[in-house]
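Since the structure comes first, as structure tokens, the remarks are kept for the end.
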């Protein structure tokens, strides 16, 4: 598995606001799951995402051995501890090495160039609606 974050801007009443989108990618199938969208991501937000995705019953990371990720400060010690408790080893990439997480980087480029950068997103609801709609399209294209 790989994890990464990217940002996208949406027009809000007070002007442009940046949203952070966290996703996980199952590398063998290139299946992507949006883990969360936040305008003010924090360690608490990441911990909740970590709890959801390491859930013993239906967590996406259930049974996975490794999670490749960059050195973004949002991958907090608490988040990495949740992974370890679930038996998922953190594989932290060296600084400035996006080529080592090339599939995740390619996905970010695809979602931005094919969808998010082509639209004027008006409000948080547009970000939350557009992203899963693109994901349905992305997975239907990659399953053929």
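A short reminder: the numbers here are calculations on the coordinates, not readings from a lab. Please read all numbers here as calculations on a predicted model, not as lab measurements. Cβ atoms come from the backbone with ideal geometry, glycine included; neighbour counts cover every protein chain shown.
For the reader, a short list of remarks on this structure follows.
- Take every DSSP beta bridge whose two residues both sit in the range 2-142; close to 75 percent of them are antiparallel.
- The slack in the chain from residue 99 to residue 57, taken as 0.36 nm per residue of separation less the alpha-carbon distance, amounts to 11.8 nm.
- Peptide packing: for 102-111, 52-61, the average count of neighbouring Cβ atoms within 10 Å per residue gives the ranking 102-111, 52-61, highest mean first.
- Inter-label distance, residue 34 to residue 109: 2.2 nm, where each label sits 7 Å from its Cα along the C-beta direction.
- Ranked by the mean number of other Cβ atoms within 10 Å of their residues, highest first, the peptides 73-84, 114-125 come out as 73-84, 114-125.
- The Rg/Rh ratio of the range 2-142, with both radii computed over alpha carbons and Rh defined as the Kirkwood radius, is 0.96.
- In percent, rounded to a whole number, the relative contact order of the range 2-142 is 24, using alpha-carbon pairs under 8 Å and six or more apart.
- Fully extended contour minus Cα-Cα distance, from residue 128 to residue 12, at 0.36 nm per residue: 40.4 nm
- Full extension of the chain between residue 84 and residue 66 yields a length gain of 5.5 nm, computed as 0.36 nm times the residue separation minus the alpha carbon distance.
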